[in-house]
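K.L.:
The following block contains the structure, expressed as structure tokens.
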Amino acid sequence: GYTAILASADGVDNNASKPTAAQYAAIGVTGMDSAPEVSLLGDVLDVKSSAAVDSVAEVQALADAAAAVVAAAGAGSAPTLAQLQALGITGVTADNLAAVQAAIAATADDGTGVDTLGELQTVVTTAATAAANALAVIAAYDGSNTAPSLTDYSAAAVTGVSAANLGAINSAVA
């Protein structure tokens, strides 16, 4: 079990052979009970150094983070900022976390839209960029230029804005 995990964690994104759910279970790692979870964790391990995964606790923390991402694609709780960062995801901050979490939730419910590090990073980058662009539109609104739309508020993860109150919200922003 552990030999496969350490062999995969070579610090190089070379698509090394991914450990199996059984290999994770053999060392006491729990929660790897779906193919998308095992796939994402395998991708994460592939770019980690062996020193980063040389204890069961370290592998379990990454397994928990991978499971949180896959669960969030369905109806589960969203991954935390710390979990996303532990997986090696870049571009996610406290300011755009809600938008990133919403984007993960909008992927395929079975987790196949975020079952590789590349797919997850693309979802995060797209959401973070959209959130930044939307926040720029909202922040620049002064009442005389283009008003923020429902899409802008949604991309910025601002909740409670509807067609019924958009005008009032924009008036308050200006």
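The values are calculated or read from the model by the stated rules, or taken from the named source; none is laboratory data. From a predicted model like this one, the values you see are computed outputs, not experimental measurements. Every residue, glycine among them, receives a Cβ derived from its backbone with ideal geometry; neighbour counts consider all protein chains shown. Side chains are part of the model used for accessible areas, which takes the heavy atoms of the whole protein and leaves out ligands, DNA and RNA. Shrake-Rupley method; radii C 1.70, N 1.55, O 1.52, S 1.80 Å.
K.L.:
Just tell me, in residue order, which DSSP H segments of the chain are both 20 angstrom or longer along the helix axis (alpha-carbon based) and at least 0.5 in mean Kyte-Doolittle hydropathy.
P.N.:
56-73, 117-140
K.L.:
Separation between the T122 and N165 pseudo-spin-labels, each 7 Å from Cα along Cα→Cβ, expressed in nm?
P.N.:
The modelled label-to-label distance comes out at 3.6 nm.
K.L.:
Need the C-alpha centroid separation for region 9-29 versus region 139-158, integer Å.
P.N.:
So the two Cα centres are separated by 44 Å.
K.L.:
What nm value, rounded to one decimal, do you get for the distance between S154 and A108 when each label is placed 7 Å out toward the C-beta?
P.N.:
Distance between the two pseudo-spin positions: 2.2 nm.
K.L.:
Then there's this: Dimensions of region 72-174 along principal axes (Cα, Å, largest first)?
P.N.:
In descending order, the Cα extents are 44, 24, 18 Å.
K.L.:
Let me ask something additional. Could you state the accessible area per residue of the chain in Å², with a 1.4 Å probe and every protein chain left in place?
P.N.:
The answer is 46 Å² per residue.
K.L.:
Say we join alpha carbon atoms closer than 10 Å with springs in a Gaussian network model of the chain; which of S17, S162, S50 then has the biggest fluctuation?
P.N.:
With Cα springs under 10 Å in the chain, the top fluctuation among S17, S162, S50 is at S162.
K.L.:
Could you tell me the largest-minus-smallest coordinate of the C-alpha atoms of region 118-162 on each of the three principal axes, in descending order and whole angstroms?
P.N.:
41, 20, 11
K.L.:
Additional query: With r as the distance between the Cβ atoms of A21 and L81 and R0 = 25 Å, compute the FRET efficiency 1/(1 + (r/R0)^6) and round to 0.05.
P.N.:
Efficiency, from the Cβ-Cβ distance: 0.40.
K.L.:
I've got another one for you. I want to verify a result. In a Gaussian network model of the chain, Cα cutoff 10 Å, which of these has the top mean-square fluctuation: A131, A52, A68?
P.N.:
A52
K.L.:
What residue among G42, G111, G160 has the largest mean-square fluctuation in a Gaussian network model of the chain, using Cα springs under 10 Å?
P.N.:
G160
K.L.:
Relative contact order for the chain using alpha-carbon pairs under 8 Å, separation at least 6, rounded to a whole percent?
P.N.:
Relative contact order here is 17 percent.
K.L.:
Report the extension gain between A51 and D33 in nm, rounded to one decimal, defined as 0.36 nm multiplied by the number of residues separating them, less their alpha carbon distance.
P.N.:
Fully extending the segment from A51 to D33 adds 4.0 nm.
K.L.:
Arrange the peptides 113-125, 144-156 so that the one whose residues have, on average, the most other Cβ atoms within 10 Å appears first.
P.N.:
113-125, 144-156
K.L.:
Here's a follow-up. Let's test the formula: R0 of 25 Å, r as the Cβ-Cβ distance of T129 and V173. What FRET efficiency results, to the nearest 0.05?
P.N.:
Efficiency, rounded to the nearest 0.05: 0.75.
K.L.:
Once every DSSP H run of n ≥ 4 in the chain is given -39500 (n - 2.57) and the sum is divided by its residues, what mean residue ellipticity at 222 nm do you get, rounded to the nearest 500 deg cm²/dmol?
P.N.:
Estimated from H runs of four or more residues: -17000 deg cm²/dmol.
K.L.:
Counting only protein heavy atoms and using a 1.4 Å probe, what share of the accessible area of the chain belongs to carbon plus sulfur, as a whole percent?
P.N.:
Carbon with sulfur: 58 percent of the solvent-accessible area.
K.L.:
Rg to Rh ratio, the chain, alpha-carbon atoms and Kirkwood radius?
P.N.:
Rounded to two decimals, Rg/Rh equals 1.11.
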